[in-house]
Amino acid sequence: MRFGAVYPQTELRGDPDAVRRIGLAAESLGFDYLLAYDHVVGAVHEGREPRLWGPYTERDPFHDPLVMFAYLAGITDRLEFATGALILPQRQTGLVAKQCADLDLLSGGRLRLGVGVGWNYVEYDALGQSFASRGRRADEQIRFLRELWCGEVMSFDGEFDRLDRGVVIPGPAHPIPIWVGGFSAPAFRRGVELGDGFMFAGREWSHAHGGLETLRSVAAEHNRSLDDFGLEYLALGAHDVDTAVEHAQRWQDAGGTHFAAVSMGAGRDSIEAHLDFFSDVAQRLGLGQAT
């Protein structure tokens, strides 16, 4: 199983030194990858109808994950990068294709693109995209991205995107894996039909394990083998080292392929506190011992 660290950006006040220190530490501690969430616009929740149900507000800072990863790619050698998840339907597909191709090329093939559809309709409005059609658009975008990364002149005529004999060059260093995240039936279907893996998240172990069982059922209905399919658990509720290690072991026993440790949500108020958590988790998991 591969192990990652989730960048704790909502608790580090947008500090650029935190990006550098945590990125370098993730590599030196032996983590395989660094994962980052995505939000372009924070929004005030009060006084809205329909209400915003997600956890983040106008007070939570987010770095753009692709920009942050481009910076970190220049100062690391081995560390891989995963978006978890890029809110794909609110972004221009061709631009995402170009940014990801360059990031993957310049990093030496270290990008995994995790995508989701999000919950913040204010963010969609700000970026000029439809919130109502985000699911259908995500389905089309995943297919379009794969074609755009082929490195050859192609045409595409979809419901949301069109291209007449165009090409994205240079292309990525390798076929960029696209993983799907979410909690709903459409998300599980999207992952099975279109993804290379699925990202599960939950504050309780039962949330991730229940999602895994649901995904396996959906895969069986679609005759999709999961032998070469990635299964990642973002352990949102594993706030202490003992719980994080326990959840990692349980995920591996359940057949998981990736585990991402999360330091947020436990009142850690400094770069050092987050680094101490990741260091302790890495030591307990035996990461980096081979090197």
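When the chain is modelled as a GNM with alpha-carbon springs shorter than 10 Å, which of Gly230, Gly135, Gly265 fluctuates the most?
Comparing Gly230, Gly135, Gly265 in the GNM, the peak value goes to Gly265.
Applying a 10 Å radius around every beta-carbon, put 255-261, 184-190 in order of their mean neighbour count, most first.
255-261, 184-190
Compute the signed sum of charges (Lys and Arg +1, Asp and Glu -1) over the other residues within less than 12 Å, Cβ to Cβ, of Trp179.
Charge balance near Trp179 sits at 0.
Given (1) 47; (2) 51; (3) 57 as candidate values of percent of Cα pairs over 24 Å apart, which corresponds to the one derived from the coordinates?
Of the labelled values, this structure produces (2).
Could you size up the charge dipole of the chain around its Cα centre, putting +1 on the beta carbon of Lys and Arg and -1 on that of Asp and Glu, and report it in debye to the nearest 20?
In total the dipole reaches around 360 debye.
With +1 on each Lys and Arg Cβ and -1 on each Asp and Glu Cβ, and nothing else charged, work out how big the dipole of segment 230-291 is about its Cα centre, in Debye to the nearest 20.
160 debye
Could you work out how much longer the chain between Val167 and Asp17 gets when fully extended? Use 0.36 nm per residue separation minus the Cα distance between them, nm to one decimal.
50.3 nm
Report the FRET efficiency, 1/(1 + (r/R0)^6), for Asn223 and Thr57, where r is their Cβ-Cβ distance and R0 is 51 Å, rounded to 0.05.
0.75
Taking the Cα centre of segment 20-73 as origin and charging only Cβ (+1 Lys, Arg; -1 Asp, Glu), how large is the dipole, in debye to the nearest 20?
It comes to approximately 120 debye.
Compute the normalised compactness of segment 235-291: alpha-carbon radius of gyration over 2.2 N^0.38 Å, N being the residue count.
Normalised by 2.2 N^0.38 Å, the Cα Rg of segment 235-291 equals 1.13.
For segment 3-74, how big is Rg over Rh, using alpha carbon atoms and the Kirkwood form of Rh?
Rg/Rh: 1.06.
Using a 1.4 angstrom probe, figure out how much accessible area the chain has per residue, in square angstrom, rounded to the nearest whole.
Accessible area per residue: 44 Å².
Give me the percent of the accessible area of segment 92-151 that comes from carbon and sulfur atoms, probe 1.4 Å, all protein chains in place.
The value for segment 92-151 is 54 percent carbon and sulfur by accessible area.
Of the candidates Glu232, Glu147, Glu221, which one comes out as most mobile in a Gaussian network treatment of the chain with C-alpha springs shorter than 10 Å?
Evaluated over the chain, the most mobile residue of the options is Glu221.
Once phi is turned into θ = phi - 60°, what whole-Hz ³J(HN,Hα) does the Karplus curve with 6.51, -1.76 and 1.60 give for every residue of segment 134-148, x standing for Gly and Pro?
Values per residue, Gly and Pro as x: 4, x, 4, 5, 4, 4, 5, 4, 4, 5, 5, 4, 4, 5, 5 Hz.
Where does segment 1-122 land on Rg/Rh, using Cα atoms and the Kirkwood Rh?
That ratio is 0.99, to two decimals.
Quick one: work out Rg over Rh on the C-alpha atoms of segment 99-178, Rh as Kirkwood radius.
Using only Cα positions, Rg/Rh for segment 99-178 is 1.00.
The values are calculated or read from the model by the stated rules, or taken from the named source; none is laboratory data. Computed from a predicted model, the values in this text were never measured in an experiment. As a convention, Cβ positions derive from the backbone with ideal geometry for all residues, glycine included, and neighbour counts pool all protein chains shown. For accessibility, only protein heavy atoms count, side chains too; no ligands or nucleic acids. Shrake-Rupley method; radii C 1.70, N 1.55, O 1.52, S 1.80 Å.
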